[in-house]
Amino acid sequence: MTVSAPPRPPSQAPEAPDSKPLEREEIEALVEALIEEARREQRRRHRRYLALTALAASVGAVVLILLDGGAASQTPSPAASAQMNAAAQAGAARIAFTSTSLWRGGDRNVPNPPPPTLVVSDLYVANADGSDKRLLEHREYIGYPDSGRGVAWSTDGQTIAFFAPGKSSHSPPSLLFVNADGSGQPRDVTRQWGLDDLPVWSPDGKKIAFVSGRDVKCRGEIYVMNVDGRGLRRLTRNGLADALPMWSPNGTRIAFLRFSVPPACGGWASDPGPNVYVMNADGSGQRRLARGWPSAWSAGGRKIAFTGPDDRPGMYVINADGSGQRRLNTVSFNSATWSPNGQKILFVRARPGTRAKVNDIYVMNADGSGQRKLTERGHDPRWSPDGEKISFVTNRDGNNEIYVMNADGSGQVNVSQNPDRDD
C-alpha cells in the first residue's frame, strides 16, 4: 500500500533574528506528529470508502424469487411506491412472490370436478424479513387456482417478469414485465416475443434468453434478444425440443436441456433424452455433456450440476467441457443450487417411505460430503445473493407459504403470511 507524504505544515511568518532555533528532538517530534496525523486521515478516508462500498453492495442485493401464481394490474399508491423506493435505497433485500386463492375443491383432474369459482391472484414484493409487503399487481378470473409458471427478477432488480393468469382457466397466461417499485403500467410481451416460459437475464442485464415455439410446432427453441426487444436471434434449430436455458456466470455460455419430441410431432428418432447441453452465447459450439437435466452452474462457471436420468438417479457434477463427471449422491432430488461462494449446494430430497410426496431441504459441501437436513416439508430453495439466507416454500401451515431462514437452517420466518392463500 502506498503511503502518501505528510501534509506540509502551515506557512508561518519568518522568524525574528533573535528567535531560538528548534532543537533536533523538537524537529523529530514535529515530523512524527505530522506523519501520525496523515495516517489518521488516511484511515478516515478508508473507513468512508468501505462504508460507501457496503451501502452500494446492499442496495444492489436482490433476493431470488419464489412464487406460485400470476397477477395483473393494480398500481399501488404514490405513497406505497415512495416507501418501496425508500426501502430499496436503504438496502433492504426483497422477495417477489404471488399469492393465489387457496384451492379446497380436491383433485381438478378427476371426473366431474367442482365448478370453477372466482380466483384472486396477486403479485407482491416484501423485505426478506417479511416486513413492508406491497401489492404490485392484482388479477381476478373465473376458473381454478393455478400455480402459474414463475416470477423472475431482472439483473438490476428494477423489473419483475411473471406469468399472469388469463381471464379464465381456459385462457392462456400472459408474460408481463412490471416495475419492481410499482410505477408505470405492466408491459405484455407475450405476443411481441412469443415467449413460452420465463425469460432468463444475462449476468450483465443486457440480454435475455428464452424458450419459444414461435417458429416450430410441438417443441421449443432457445432464443436470445436484447432487453429492449431488438436483436432477436434463434440459437437452436435441430428438430428436437430445447428448454431450461441457464447463463454461465460470465455470460459467455448457456447450458440447456435437450430431448426428443413425441412421435406425434415426428420425434423419438433418436435418444429421447433428457440430455445436458452447453453452447456459446451466440448459439455456436453446441455440445452434449451428459444424460440428465441441467440444474445450476457453479459460482465460478467451471462446473454444472445436473440430475441423473431415471436409470441412474442422483445428483451429478460435470466440468463445462464435458470432463470430470462425478456422482455426488444417489437420492431423488430437484432444485439444486450452488451457494454464491461455490462451497455449498442446496437440494431438495424426496422423503423415502411416504405415500404422498414429501420433500425436505438439504445442504452439502460442493464435493458431496457433509449432507445435512436444513428443514422439513420444503421445496424451491434459493440462496440470497450474499449466501447468508435461504428462501423456500412450505405447506407446513396447511397452505403454501414463503419462508426465509439462515444458511444453517435457523431463524425461520414466514414472509408471505397469507393463511387463506397459496404463495
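The values are calculated or read from the model by the stated rules, or taken from the named source; none is laboratory data. Quantities reported herein were computed from a predicted structural model and do not represent experimental measurements. Heads up, the Cβs are rebuilt from the backbone with ideal geometry, glycines too, and the neighbour counts pull from every protein chain shown. For accessibility, only protein heavy atoms count, side chains too; no ligands or nucleic acids. Shrake-Rupley method; radii C 1.70, N 1.55, O 1.52, S 1.80 Å.
Computed values, structure above
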{"item": "Rounded percent of accessible protein surface that carbon and sulfur make up, segment 273-423, 1.4 Å probe", "result": "42"}
{"item": "Neighbour net charge for residue 319 - beta-carbon separation under 10 angstrom, K R +1, D E -1", "result": "+2"}
{"item": "With DNA, RNA and ligands ignored, accessible area of residue 197 (1.4 Å probe; Å², nearest 10)", "result": "60"}
{"item": "Lys/Arg +1, Asp/Glu -1 at C-beta; segment 364-410 dipole; positive extreme among 385, 370, 407", "result": "370"}
{"item": "Simple spin-label estimate for residue 238 and residue 414 in nanometres, 7 Å along Cα-Cβ", "result": "4.8"}
{"item": "Contour excess over end-to-end distance, with Cα ends at residue 311 and residue 133 and 0.36 nm allotted per residue", "result": "59.6 nm"}
{"item": "Extension gain from residue 183 to residue 323, taking 0.36 nm per residue of separation minus the Cα-Cα distance", "result": "45.6 nm"}
{"item": "Links that overshoot a 27 Å alpha carbon limit, given the list 207/303; 133/357; 206/373; 303/389; 133/206", "result": "133/357; 206/373; 133/206"}
{"item": "Cα gyration tensor category, rounded, prolate or oblate, for segment 297-415 with a/c compared to 1.5", "result": "oblate"}
{"item": "Accessible area (Å², 1.4 Å probe, nearest 10) - residue 403", "result": "20"}
{"item": "For residue 369, solvent-accessible area (1.4 Å; no DNA, RNA or ligand), Å²", "result": "50"}
